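Colleague: Mind looking over this structure? Questions follow.
None of the figures in this text is laboratory data; all of them are computed from the coordinates on show. Since the structure is predicted, the reported quantities are computational estimates derived from the model, not experimental observations. Cβ coordinates were reconstructed from backbone atoms using ideal geometry, including for glycine residues, and neighbour counts include every protein chain displayed.
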Amino acid sequence: MEKIYANALTHRLRRQAIQFEREYPIDIFDEDGTQLGHYVADFLIEKQLILELKSCTAIAPEHIAQVLGCLRGARLRHGMLINFGARKLQIRKLIL
């Protein structure tokens, strides 16, 4: 189901003329500049916000840790988790 939600979000972002990149590759770096690996974010919105989509019963601590780690490594400040799988839509804004 996550792919369907990503397709729907893609459609809506395009309709609103919001700049985004889907499945955006991010190189992850350590504090000293050493490249640690590679991560693919679900969306990068306006080159500032990493957006991760989930379709599970609840946002878990590991989902939050995933986004925070990506923000640190990519040297970005803003992230968001949207979970479509819970009884109610869950949205978490994360800021470093």
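Colleague: Provide the gained length on full extension for the span LYS93 to ARG14, in nm with one decimal, where the gain is 0.36 nm per separating residue minus the Cα-Cα distance. Don't skip to the end; give the middle numbers.
Modeller: Details: separation 79, 0.36 × 79 = 28.44 nm, distance 2.16 nm.
Between LYS93 and ARG14, full extension yields 26.3 nm more.
Colleague: For ASP27, ASP42, ASP32, which order do you get if you count the other beta carbons within 10 Å of each Cβ and list the fewest first? Before the final figure, lay out the partial values.
Modeller: Working: ASP27 11, ASP42 18, ASP32 5.
Least crowded to most crowded, the residues run ASP32, ASP27, ASP42.
Colleague: Once a ≥ b ≥ c are taken as the square roots of the eigenvalues of the Cα gyration tensor of region 2-95, is the result rounded (a/c under 1.5), prolate (a/b larger than b/c) or oblate (a/b not larger than b/c)?
Modeller: Numbers: a/c = 2.15, a/b = 1.35, b/c = 1.60.
Taking the square roots of the gyration eigenvalues as a ≥ b ≥ c, region 2-95 is oblate.
Colleague: A further question on this structure: Assuming a strict under-17 Å limit between Cα atoms, what lysine pair count do you get for the chain once near-sequence pairs (fewer than 8 apart, same chain) are dropped? Numbers along the way, then the final one.
Modeller: On the way: LYS3/LYS54; LYS47/LYS93; LYS54/LYS88; LYS54/LYS93.
Step by step, the pairs that qualify in the chain add up to 4.
Colleague: Another question, then. Which FRET efficiency value, to the nearest 0.05, is calculated for ARG22 and ILE64 with the Förster distance at 30 angstrom and r the Cβ-Cβ distance? Before the final figure, lay out each step's value.
Modeller: Working: r = 22 Å, r/R0 = 0.72.
Efficiency at R0 = 30 Å is approximately 0.90.
Colleague: List the trypsin sites (Lys or Arg not before Pro) within region 1-61 that fall in a DSSP loop (any state other than H, G, I, E or B) and whose Cβ has at most 16 other Cβ atoms within 10 Å. All intermediate terms of the calculation are to be shown ahead of the outcome.
Modeller: Numbers: sites: LYS3, ARG12, ARG14, ARG15, ARG22, LYS47, LYS54; in loops: LYS47.
Listed in order of number, the matching sites are LYS47.
Colleague: How do MET80, MET1 line up, fewest other C-beta atoms within 10 Å first?
Modeller: Working: MET80 17, MET1 10.
With the sparsest Cβ surroundings first, the list reads MET1, MET80.
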